[in-house]
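What follows is a short report on a single structure.
No lab work stands behind these numbers, since they all come straight from the coordinates. None of these values were measured; they are calculated from a predicted model. FYI the Cβ positions are ideal-geometry reconstructions off the backbone, even for glycines, and counts take in every protein chain you see.
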Amino acid sequence: MTTEQIVNAIRNATNGTFIGESYTKTLMSWIRIYDEEGREVTCDPNYINSTINIAGTEYGVIKHKWKAYIFKPEYKDNANRFALWGDENKLNEMVLAVVDDEPDYVKAYWDKHKNETVKFD
């Protein structure tokens, strides 16, 4: 399978979340912010680790914020938040693909509001 086919298969298998059925997750909380149309413009800051079996091959996946890191099968056991914090060259060797699924409306929202501060009463 090509990288694109693997990414699409994982997207389909997870209903677009890039999170497998069984996963571990850090426990950070966050404040949700919504745009004028009621769409959430903040993302989950947690690291979510899972493995996904595609056509008999296990892929490790880390979902963090708007990005999903899909690890090559031989590095599936290295798919954890510590891999993202380590040596970038080693990470590039282990990762098959990085999928950025940040919606355009989120980018536009934060570009428009980049100089504002958030007030919580």
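The figures follow:
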read-out	value
Where trypsin sites (Lys or Arg not before Pro) fall in DSSP loop in region 40-121, at most 15 other Cβ within 10 Å	Lys65, Lys114, Lys119
Rounded, prolate or oblate (a/c below 1.5 giving rounded, otherwise prolate when a/b exceeds b/c) for region 13-110 by Cα gyration tensor	prolate
Within a Gaussian network of the chain (alpha carbon springs, distance under 10 Å), most fluctuating of Ala108, Ala83, Ala13	Ala108
Karplus-derived 3J(HN,Hα), 6.51/-1.76/1.60, for each residue of region 106-114, Hz, glycine and proline x	5, 4, 5, 4, 6, 5, 5, 10, 5
Nearest 10 degrees, 0 to 90: helix 3-13 Cα axis against the chain principal axis	70 degrees
Size of electric dipole in the chain: Cβ of Lys, Arg +1 and of Asp, Glu -1, about Cα centre, debye, nearest 20	220 debye
Under the Karplus curve 6.51 cos²θ - 1.76 cosθ + 1.60, θ = phi - 60°, whole-Hz ³J(HN,Hα) for region 85-92, x wherever Gly or Pro sits	8, x, 5, 5, 5, 5, 4, 4
For the chain, built as a Gaussian network whose Cα springs stay under 10 Å, the top-fluctuating residue of Pro103, Pro73, Pro45	Pro103
Local net charge near Trp30, Cβ-Cβ under 14 Å (Lys/Arg +1, Asp/Glu -1)	+1
Distant-in-sequence amide H partners of Lys72 (H built 1.01 Å from N, under 5 Å)	Val95, Leu96
Paramagnetic reach from Val98 (point 7 Å along Cα→Cβ, amide N under 12 Å) across region 49-80	64, 66-70
Violating pairs (Cα-Cα greater than 27 angstrom) within the set Lys25/Lys112; Lys72/Lys107; Lys67/Lys112	Lys25/Lys112; Lys72/Lys107
R0 of 22 Å, Cβ-Cβ distance Ser22-Trp110: FRET efficiency to nearest 0.05	0.10
